[in-house]
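Trainee: Would you mind keeping the following structure in view while I ask a few things?
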Amino acid sequence: MKSRKIKRRGAARTLSLARKRRIECRKARMRIHHLLDGRLTAAKAREVRKHLVTCRRCCSRYEFMRVLKHLVRRKVLAEACPGNLAERVRRAVSRLVHIR
């Protein structure tokens with residue numbers, strides 16, 4: 001009987017750690033974009049990086065997003081905007097911001 005209790009406690013502890021990890025993963029995934037953009041405080045960036053070292057799934061997601069951002073940035077910089085497109089987009093965004 002005693003061994004069953006120990007096994008159950010161990011399973012409960014494992015489940016508790018799994019839940020904690022899931023929450024950490026959710027938090028880390030939400031912050032990956034901010035980390036890549038440099039928009040996290042030093043403390044939060046450290047927290048996310050620490051999680052990435054221990055979690056393969058989140059680390060894979062981070063690497064995918066890092067490479068994707070790099071490829072998009074390279075592609076965007078390689079092509080010039082036609083005509084006055086950039087100025088028209090700036091004006092449209094400015095109008096939207098003033099409306100809100």
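Since every read-out is calculated from the coordinates, none of them should be taken as a lab result. Since the model is a prediction, treat every value here as computed from it, not as a measurement. All Cβ positions, even for glycine, are placed from backbone atoms using ideal geometry, and neighbour counts span all protein chains on display.
Trainee: Any idea which residue in the stretch 29-50 is surrounded by the fewest Cβ atoms within 10 Å (Cβ to Cβ), counting only those that are in a helix (DSSP H, G or I) and among the charged types (D, E, K, R)? Before you say what the answer is, go through the steps one by one.
Mentor: Just the residues of the stretch 29-50 that are in a helix (DSSP H, G or I), to begin with: 29-37, 42-50.
Next, from what is left, pick out any that are among the charged types (D, E, K, R): 29, 31, 37, 44, 46-47, 49-50.
Details: Arg29: 17, Arg31: 19, Asp37: 9, Lys44: 14, Arg46: 11, Glu47: 17, Arg49: 14, Lys50: 12.
Among those that are in a helix (DSSP H, G or I) and among the charged types (D, E, K, R), it is Asp37.
Trainee: Report, by residue number, each residue of the stretch 54-68 that is surrounded by 11 or more Cβ atoms within 10 Å (Cβ to Cβ) and among the charged types (D, E, K, R).
Mentor: Residues satisfying the conditions are Arg57, Arg61, Glu63, Arg66.
Trainee: Looking at the stretch 63-76, I want the residues that are under 21 Å from Val53 (Cβ atoms) and have a partner that is loosely packed, with under 11 Cβ neighbours inside 10 Å with Cβ atoms under 9 Å, at least 6 apart or on another chain. Which pairs are those?
Mentor: From the stretch 63-76, the pairs are Lys69/Asp37.
Trainee: Among the residues of the stretch 57-91, what is the count of those that are assigned to a loop (DSSP other than H, G, I, E, B) and either at positive phi or of a type in the set (Asp, Glu) (or both)? Walk me through how you get there before you give the answer.
Mentor: If we filter the stretch 57-91 for residues that are assigned to a loop (DSSP other than H, G, I, E, B), which is where we start, we get 79-84.
Remaining after also requiring either at positive phi or of a type in the set (Asp, Glu) (or both): 79, 83.
Residues in the stretch 57-91 being assigned to a loop (DSSP other than H, G, I, E, B) and either at positive phi or of a type in the set (Asp, Glu) (or both): 2 in total.
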